[in-house]
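Written below as structure tokens is the structure these notes are about.
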Amino acid sequence: MFKKILIANRGEIAARVIRTCKSLGIATVCIYSEADKKAPHIKLADEAYGVGGPKVAESYLNIEKILEIARLSQSEAIHPGYGLLSENAEFARCCEEAGIVFIGPSADVISRMGSKIESRNIIEKAGVPVVPGISYPLADAEEAARVASCIGYPVMLKASAGGGGIGMQIVRSESEIQKAFEGNRKRASDFFGDGAMYIEKVVENPRHIEIQILADSYGNTVFLWERECSIQRRHQKVVEEAPSTYLDELTRGKMGEAAVMAAKSIGYRNAGTIEFLVDENKNFFFLEMNTRLQVEHTITEEITGLDLVAEQLRIAAGHSLNFGQSDVKLGGHAIEVRIYAEDPKTFFPSPGTITKFAIPEGQGIRHELAVYEGSLVTPFYDPMIAKLVVKGKDRNEAIDRLQEALAHYQVQGIKTNIPMLQEVIAHPAFRSGDTTTDFVAKYILEKT
């Protein structure tokens, strides 16, 4: 096992990784930007080094500086967390070349899965269902119109690179296609340096359900059940739960087997997630693969009893999985909500100083925190400041605990999305499990 690792991230995920490292006796090194000089993760790590200015390009995306700190601190490995450099193939390759273990898959796998067009081709060849559409980049808006006409409207215009809903738009008629194509290609090019676009058929009223996998270097791959991530706004997940209320045992098994097959087809190693869209007839289609730890990994931990960060570290250190598929048991129901520093109506970020911060405690409640009372929430980073995770013996108990916890969650000095989360959880459609990807637009935004 490693003696010391560097965490190339910030906020709650940095604190989360540090916690597991402490339990395993691994020393930790963290980095911080000028804006994060008083961030909680600095106090938790054994060593901390400034990495640059407040903007991510000056600090948390500065590969050369991060590797310099890793060498200076004699770190054996780097955990990238999620976001930032976690799915950056160049960073993984630079770590490999520097003789530092990247805690994740190989640079080649990250690169192949980072292109939605290439990953679609790979997964389709592996025999995993994909959404009807094309698996090559569109030349121009005219070709987009021809393809859309053949597939049939509505279609989803998608950027091959990046994520977070950028460069992605539903197009319902030919009159919309040219403007949508040019606008999304420009956004994708500006954000990701790659304007390649492709088209898929829109799956009506889908569920967004993902399968967590673990794979070691010895050919062992397991799936750790599924997470329902359909409650989204602007293609960003807001509420996640495990397991899904929608899947029957047959479909669950087929999706798990498909995820394992997809991972094995690319020689995947470490923790990863295969995301699917599931239609009204329980047909499932590959959406994308995330080659990193997910924000919502916590709910998988709650229902399986596994520590996914610990498993990542063991795999990266060369150990094999010490359990098989039949050993992965499902227990209880878990729900995670993301607490954002943002206006609950407009979703605009709400930076400022947190003047009061009080969190609920009790049975089945877990917190992952990036702030404390007195913290300054800056405009430089993702506005997620915390995650609230609850577990119950069943879904109804988990919802009841979540409602109670949200009612006693206090954040003052900034706006948060807690009122919006309370509205989602209290809605009868959520309680009944009617959680398709249009939930927020259908039940919440239409009231504003």
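The values are calculated or read from the model by the stated rules, or taken from the named source; none is laboratory data. Worth saying up front: this structure is predicted, and the values here are computed from it rather than measured. Using ideal geometry, Cβ is built from the backbone for each residue, glycine included, and neighbour counts are taken over all protein chains shown. Side chains are part of the model used for accessible areas, which takes the heavy atoms of the whole protein and leaves out ligands, DNA and RNA. Shrake-Rupley method; radii C 1.70, N 1.55, O 1.52, S 1.80 Å.
The string of couplings for region 261-277 from the Karplus curve (6.51, -1.76, 1.60, θ = phi - 60°) is 4, 5, 4, 5, 5, 10, x, 5, 9, 5, 8, x, 9, 9, 9, 10, 9 Hz, one whole number per residue in order, with x for Gly and Pro.
For region 207-328, what does the accessible surface come to per residue with a 1.4 Å probe? Please give it in Å².
Details: 3770 Å² over 122 residues.
I get 31 Å² per residue for region 207-328.
Eigen-decomposition of the gyration tensor built on the alpha-carbon atoms of the chain gives equivalent ellipsoid semi-axes of 31, 27, 24 angstrom, largest listed first. DSSP finds beta bridges in the chain, and of those with both partners inside it, around 80 percent are antiparallel.
Across region 302-308, computed HN-Hα scalar couplings (Karplus, 6.51 cos²θ - 1.76 cosθ + 1.60, θ = phi - 60°) run 5, 8, 10, x, 8, 9, 5 Hz from first to last residue, x flagging Gly and Pro.
Leaving out ligands and nucleic acids, note down the accessible area per residue over region 30-153 with a 1.4 angstrom probe, in whole Å².
On the way: 5480 Å² over 124 residues.
With the other protein chains kept in place, region 30-153 gives 44 Å² per residue.
About the centre of its Cα atoms, region 1-121 shows a dipole size close to 440 debye [charges on the beta carbon of Lys, Arg (+1) and Asp, Glu (-1) only; nearest 20 debye]. Placing +1 on the Cβ of every Lys and Arg and -1 on the Cβ of every Asp and Glu, with no other charges, gives the chain a dipole of roughly 520 debye about its Cα centre. For Gly133, the residues whose amide H sits under 5 Å from its own are Lys201, ignoring neighbours fewer than 5 places away on the same chain, with H placed 1.01 Å from N.
The listed residues Phe192, Phe2, once ranked by accessible area (1.4 Å probe) with the largest placed first, stand as Phe192, Phe2.
Per residue, how large is the accessible surface of region 349-448? Use a 1.4 angstrom probe and give square angstrom.
Values: 4600 Å² over 100 residues.
It amounts to 46 Å² per residue over region 349-448.
Please sort by residue number the trypsin sites (Lys or Arg not before Pro) in region 93-178 whose DSSP state is loop and whose Cβ has at most 16 other Cβ atoms within 10 Å.
Arg172
The phi-based Karplus calculation (6.51 cos²θ - 1.76 cosθ + 1.60; θ = phi - 60°) puts the 3J(HN,Hα) values of region 33-42 at 8, 4, 6, 10, 4, 10, 5, x, 5, 5 Hz, whole numbers, x for Gly and Pro.
Of all the accessible heavy-atom surface of the chain, with the other protein chains kept in place and a 1.4 Å probe, what percent is carbon and sulfur?
Working: 8860 of 17860 Å².
Of the solvent-accessible surface of the chain, carbon and sulfur hold 50 percent.
Rounded to the nearest 500, what is the chain's calculated 222 nm mean residue ellipticity when only DSSP H runs of at least 4 contribute -39500 (n - 2.57) each, over all residues? All intermediate terms of the calculation are to be shown ahead of the outcome.
Details: 14 runs with 146 residues, N = 448.
Mean residue ellipticity at 222 nm (helix-derived): -9500 deg cm²/dmol.
Close amide H partners of Glu342, meaning residues 5 or more places away or on another chain with modelled amide H under 5 Å apart, are Ser350, Thr416, Asn417.
Protection proxy ranking of 387-395, 217-225, by the mean of other Cβ atoms within 10 Å over each peptide's residues and highest first, is 387-395, 217-225.
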